[in-house]
Every structure is written in C-alpha cells, then in structure tokens.
C-alpha cells in the first residue's frame, strides 16, 4: 500500500474511533419478576435528577422528560414542594395523582485519571531535531446511576450505570447519557 494512502487510512480510522460515543452502559440490573409486557402499565412517571446543582438538575429532568415518548413524564421540580421530605407521604401523593413509577438519575462518581503524554521529536536536515515537549493530561469519567422504581409493586424495577468520558459540554453529555439509557431500556422492554 502506498505510504500516503496508508497514512490517510490510519488518520481516518483514528478520527472515526476518536469521535465515537463517549458514553456507555457499565452495568444494569432488572428485577427478575419483570416481564416486558408489563411496560404498558406505566403511563405516568415522576423524573428526578439528583445532580450537582439546581440548574443541572432542571436541565437533566427536562431532557429525561423529553426522551419519554409513550409515557407522561413530569419533572420533580414542577411537582414536588420543599415540604415533601417524607418518602411514604410522597409515594402516597404520587399514587393519588396517578403516577405509576419514579425515575431517578444521580451522579455517583467522577473518576480522574492523569497520565503523561510523551513529547515527539522529528529528524531534520544535518542533524537538527525539533519536536514537542511532553505534558500531563487528565481524563474525567462521570458515572451516573439511573433507577426505575415501580409505585405499583413498591420496588426497584431496573437500575443502570453509565460512564461518560470527558463530556465536552453539559447538554451534550446529558444527551448522550439519556440516549444511551433510552436505547438500553428499549432493548430490555422497559419502555417503548
């Protein structure tokens, strides 16, 4: 293969792999008693984003609500009051208002890894060398756990953890996480 063509192919492969999704499912658990046909029973769910600050929480809840297609989803910031602190009272209120389930997304960990990227040198004419110095780089991996609770059976129905490597922006990172979760939930028959 021509050296220039080989270099071009290698560059394209690195570019395509580097632009791949940075969010992936790390692990999931589904209640053994769950059957995919029971998803039709979930018509109204409360969505909660327990994230780092109020604006992030609201953005996440808005995005999660938008991702639900065949279910009425309500943001917790629009439904819950500051006085709603007793779990049993909140669950009773939810049931009385026709909610079937609760979806909770929370940031569980931010893992930081620092590594050294060595410098490079290039040979020049007459022994002259030039290049770049090495540097340290830090990767951040955000782990988000999402739980789907059934108010009908009063138990955890599904749990999943996603990891996102170096999300460039909050919106993009949340979109990737929510899309990854939606695909997984659809695959497992939990949502349509």
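The values are calculated or read from the model by the stated rules, or taken from the named source; none is laboratory data. If you're wondering where the values come from, they're calculated on a predicted model, not measured in any experiment. When we count neighbours, we look across all protein chains shown, and the Cβ atoms used for this are built from the backbone with ideal geometry, even at glycine.
Structure data summary
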{"read-out": "Per-region count, region 147-180, residues in contact with a helix residue (DSSP H, G or I) (Cβ under 8 Å, 6 or more places away or on another chain) and more than 18 Å from residue 44 (Cβ to Cβ)", "value": "10"}
{"read-out": "Test: residue in region 165-174 that is part of a strand (DSSP E or B), over 17 Å from the mean Cα position of the chain (by Cα) and either under 17 Å from residue 27 (Cβ atoms) or at pLDDT below 90 (or both)", "value": "no"}
{"read-out": "Candidate set: region 106-117, residues that are farther than 28 Å from residue 190 by Cα and surrounded by 10 or more Cβ atoms within 10 Å (Cβ to Cβ); chosen: the one modelled with the lowest pLDDT", "value": "117"}
{"read-out": "Options 90, 103: the member that is within 26 Å of residue 53 (Cβ to Cβ), surrounded by 13 or more Cβ atoms within 10 Å (Cβ to Cβ) and free of Cβ contacts under 8 Å to residues at least 24 places away in the same chain", "value": "90"}
{"read-out": "Filtered residue count, region 56-87, keeping only those that are more than 26 Å from the chain's Cα centre (by Cα) and crowded, with 16+ Cβ neighbours inside 10 Å", "value": "0"}
{"read-out": "Residue 94 within 25 Å of residue 175 (Cα to Cα) and modelled with pLDDT of 85 or more", "value": "no"}
{"read-out": "Among the candidates 130, 126, 122, residue that is farther than 19 Å from residue 62 by Cβ, at pLDDT below 85 and assigned to a helix (DSSP H, G or I)", "value": "126"}
{"read-out": "When residues of region 148-160 are limited to those that are surrounded by fewer than 17 Cβ atoms within 10 Å (Cβ to Cβ) and assigned to a strand (DSSP E or B), the one modelled with the lowest pLDDT", "value": "155"}
{"read-out": "Residue list for region 175-192, filter: outside any helix (DSSP H, G or I) and surrounded by 15 or more Cβ atoms within 10 Å (Cβ to Cβ)", "value": "188, 190, 191"}
{"read-out": "Residue 83 vs. criteria at pLDDT 90 or above and within 16 Å of residue 148 (Cβ to Cβ)", "value": "no"}
